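A.B. asks: Submitted below is the structure of interest, expressed as structure tokens.
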Amino acid sequence: METDRLIIDGVRPSDRLDYFRNISHDRQVLETFICRYAETPEEMDFDPILNSRTLFAVRLKDTGRLIGIILYFDETEESCEIGYGLGSEYWGRGYATEAVGCFLRYLTHEKGFRTVFASFFTGNDASRRVMEKCGMRYHHFSPKELTYLGRERDLVYYAAEAQTDTTSS
């Protein structure tokens, strides 16, 4: 998958340090994206990430470096949920919106999902704005859905519906 500035593809063994720096060691990211913190690259379990068929690297097109990840999970025949995280030094530049928009098209057009869900912790207005810019709409609120980083977290769910072609020939 490709956008003007990004490539979304599989995670490679050579991505280990960028993944560590931008995801599992970035405390700002861990406030918004569920991931186990790692103090050093060696304590990070990278094998499940490398072996996932539903987790993708988000890369800068001009350097090929991993700046974040995007994944889908909880898939059924008709729907799935997505999650995404970008290193905090890349926030506020439109990369998340670009990646999520591209990924939604992939999931609805190529994978055939009719509905794609995403959620964010209450108070994460940046993630809400990304979802809205990508055409996702409020779906439901789930109070105290999980405990993360030692506190109960409320989740807000958004959804995007696949567009069907209603024009006739």
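Quick note: the coordinates plus some simple rules give every number you see, no bench work behind them. Given the structure is predicted, the values throughout are model-derived calculations rather than measurements. Positions of Cβ are generated from backbone atoms using ideal geometry, with glycine treated the same way; all protein chains shown enter the neighbour counts.
A.B. asks: Based only on the alpha carbon positions, what is the Kirkwood hydrodynamic radius of segment 6-161, in angstrom?
C.D. replies: Details: mean 1/r = 0.0629 Å⁻¹.
The answer is 15.9 Å.
A.B. asks: What number, in percent, do you get for the relative contact order of the chain if the mean sequence gap of Cα pairs under 8 Å and at least 6 apart is divided by its residue count? Can you show the working numbers first?
C.D. replies: Values: 291 pairs, mean separation 31.9, N = 169.
Averaging sequence separation for qualifying contacts and normalising by length gives 19 percent for the chain.
A.B. asks: Go ahead and estimate [θ] at 222 nm for the chain from helices alone: -39,500 (n - 2.57) per DSSP H run with n ≥ 4, summed, over the residue count, rounded to 500. Kindly include the intermediate steps, with their values, before the conclusion.
C.D. replies: On the way: 5 runs with 33 residues, N = 169.
So the calculated ellipticity at 222 nm is -4500 deg cm²/dmol.
A.B. asks: While we're on this one: List the residues whose amide H sits under 5 Å from the amide H of Ile67, counting only those 5 or more places along or on another chain, with H placed 1.01 Å from N in the peptide plane.
C.D. replies: Val58, Arg59, Leu60
A.B. asks: Right, next: Looking at segment 1-49, which chymotrypsin sites (Phe, Trp or Tyr not before Pro) are in a loop (DSSP not H, G, I, E or B) and have at most 15 other Cβ atoms within 10 Å? Don't skip to the end; give the middle numbers.
C.D. replies: Values: sites: Tyr19, Phe20, Phe33, Tyr37, Phe46; in loops: Phe33, Tyr37, Phe46.
Hits after loop and neighbour filter: Tyr37.
A.B. asks: Among Thr54, Thr147, which comes first, then next, by fewest other beta-carbon atoms within 10 Å?
C.D. replies: On the way: Thr54 12, Thr147 9.
Final ranking by Cβ density, sparse to dense: Thr147, Thr54.
A.B. asks: Using a Cα-Cα cut-off of under 25 Å, which lysines could be cross-linked to Lys61, ignoring same-chain neighbours fewer than 8 residues away?
C.D. replies: Here the lysines satisfying the reach criterion relative to Lys61 are Lys111, Lys133.
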